């Protein structure tokens, strides 16, 4: 069986704990590979999700937000 060769942003290989092929797993693999910046996404994906906005993250406690 051939692996999917999924890599994260620093080009390190990623491994999953099971063989499930759910949408969540595909999205996680895509974002680990290409990141949250739409400019770094492949052209077909950029065209499909034109106008995408990165969701804001809520952190607790206050004051720990990244700038």
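We did not get these values from a lab; they are worked out from the coordinates using the rules stated. Note that the coordinates shown come from a computational prediction; the quantities given were computed from them, not determined experimentally. Here the Cβ positions follow ideal geometry from the backbone for every residue, glycine too, while neighbour counts run over all protein chains shown.
Neighbour counting of Cβ atoms within 10 Å sorts the residues 7, 53, fewest neighbours leading, into 53, 7.
Residues 39, 8, ranked from the fewest to the most other C-beta atoms within 10 Å, line up as 39, 8.
Label-to-label distance for residue 29 and residue 11 is 2.1 nm, based on points extended 7 Å past Cα in the beta-carbon direction.
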